[in-house]
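Only one structure is covered here, and it is reproduced in the block below.
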Amino acid sequence: MTKEKQAAIAAIEEKSDLICDVADRIWEYAELSLKEEKSAQLYCRVLEEEGFAVERGICNIPTAFSARYGSGRPVIGILAEYDALSGLSQKAGSLTRDEAVPGGCGHGCGHNLLGAGAMAAAIGVKAYLEGSGHSGTVVLYGCPGEEGGAAKAFMARDGLWKTLDAALTWHPEDVNEVATGSSNSCIQTQYKFTGVAAHAAGAPEKGRSALDAVELMNIGVQFLREHMSDKARIHYAITDGGGVSPNVVQPRASVLYMVRSNHVAEAVELQKRVDRIAQGAALMTDTTFEKKFIDGLADTVSNFTIERVLYENFAELGVPQYTDEENAFADGLAQTYPGNDAVPGVAAENDEDLRRQVKAMREKTGHAMNAFLAPLYAGDAFKAGSTDVGDVSWLTPTAQIHVASWPNGCPGHSWQNVSCDRTEIGHKAAVHAGKVLAAGAIDLIEEPEILAEARAEFERRTAEGYICPIPADAVPVVPDL
């Protein structure tokens, strides 16, 4: 490792208390999508104190920000998230379900760690730029609402990511690996039907049931499922049934739909068909409806060139190591959920030989924490979930890593994640993620031929062009629940 990289890593280590303190405070705030006021304020204040030029409310999103240091090209973006999930309040370091705030929120996806680790990476790259005098700019982007706001997609609609030479990020997981492969695109829309109330027995002919419209829409979408691609998905939730009295013709009802596909262009077309089914349901019931766009995001475009760079740095830096006490806690937490013997990671999911390798690595650890680096997988992989990192990847070469932050097989969006997020296990993950991303960013800055190769790969993979799922007049919102 070069002296410049060593200095950047040392700068992150020197700031590790600050990084962990920010992660813990974001954990305490546990603010939902697009409501991350305290979290955004904290990041902006800390980054200004660290010497970054901070811009608040970028792309007209109040809780979004950018923090910039350096000058000239290349411009490397690092993506931070910090929104929590509802109903997942949990006491830290507990082996049982124990709410910290009854009915409160919690970081079930580890975004308190994600944002802090991204900040750590930016601090490391800043130290490198200061010490080396090399041309280049690092920008930390505060991206709110990943769990239901898709801020990165709104930023993509506004062309923000086109200004970057590359983007890097990470996500807490149960395995150390370089993430790769595509994901599902996703569009969320709420349909609010309005009818006419009436006595269901005395004057049913005068009523126009909004609830009937919702049910007919759901039936129509059920029939649509036969006529869409195998990888497409449509989910729904009735958010307002109109009331609890069956002897009333319900004058209002609403349903929230989520349309997914492994290609954003197909999701956009499938969404149009769902819209027409809503129109049909309103016509059949003589009701009206209002369509409220919630969010949309694209599938992910891999960049093997940058993924290879991140893997090489990850291999050189190693993985987080744990004390006996930390391993004991992880082992105990693993006993609270099924599937703790799973073979983790994208390589194991997509290649049988690599699966055997990962299984052997897992067994060798002797504990629930996966203290090893999974093999690099450089093939066509697919995960059915969705992330607005996908929209970034359509506009600039993008790559991300996973760092073990929870025991093996720990279920996503769970109280177990929240419990682990504010322990030394979580802290180690955030700091280590920052080191790997910073080291990778330094390679991209110092070796223009790597960025040129990454750009050429990006151009090949995105030749069909980006279709943004965000309408031109849409603004980030949350559903009416």
Any residue in the range 319-340 that is more than 23 Å from the chain's Cα centre (by Cα) and within 21 Å of residue 183 (Cα to Cα)? no
Residue ranges of helices (runs of 4 or more DSSP H) in the range 309-383 with at least 2 members surrounded by 17 or more Cβ atoms within 10 Å (Cβ to Cβ), out of contact with any Cys (no Cβ under 7 Å at 6 or more places or on another chain) and modelled with pLDDT under 95: none
Restricting attention to the range 193-204, does a residue exist that is assigned to a strand (DSSP E or B), touching a residue at least 24 places away in the same chain (Cβ under 8 Å), over 15 Å from the mean Cα position of the chain (by Cα) and buried (at least 24 other Cβ atoms within 10 Å of the Cβ)? yes
Odd one out for residue 239 among (1) assigned to a strand (DSSP E or B); (2) at positive phi; (3) of a type outside the set (Lys, Arg): (2)
Within the bounds of the range 83-98, is there any residue that is surrounded by 15 or more Cβ atoms within 10 Å (Cβ to Cβ) and within 22 Å of residue 443 (Cα to Cα)? no
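Could you tell me whether the range 11-22 includes any residue that is assigned to a helix (DSSP H, G or I), at negative phi, modelled with pLDDT of 95 or more and of a type in the set (Gly, Ala, Ser)?
Taking every residue of the range 11-22 in turn, at least one turns out to be assigned to a helix (DSSP H, G or I), at negative phi, modelled with pLDDT of 95 or more and of a type in the set (Gly, Ala, Ser).
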For the range 126-151, name all the residues that are touching a helix residue (DSSP H, G or I) at 6+ places or on another chain (Cβ under 6 Å) and under 20 Å from residue 81 (Cα atoms). 138, 140, 142, 143, 144, 145
Return the total of residues in the range 139-149 being in contact with a Lys or Arg (Cβ under 6 Å, 6 or more places away or on another chain) and either assigned to a strand (DSSP E or B) or free of Cβ contacts under 8 Å to residues at least 40 places away in the same chain (or both). 1
Which of the residues spanning the range 41-65 are farther than 21 Å from residue 134 by Cα, surrounded by fewer than 22 Cβ atoms within 10 Å (Cβ to Cβ) and among the small types (Gly, Ala, Ser)? 57
State which residue is farthest from residue 479 (Cα to Cα) when the search covers only the range 109-133 and only residues that are modelled with pLDDT of 95 or more and not in a helix (DSSP H, G or I). 110
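Considering only the range 217-236, state which residues are in a strand (DSSP E or B) and either farther than 25 Å from residue 470 by Cα or free of Cβ contacts under 8 Å to residues at least 24 places away in the same chain (or both).
Correct list: 236 only.
The values are calculated or read from the model by the stated rules, or taken from the named source; none is laboratory data. Keep in mind it's a predicted model, so treat the numbers as computed, not measured. Cβ sites come from the backbone with ideal geometry, for glycine too, and all protein chains shown count toward neighbours.
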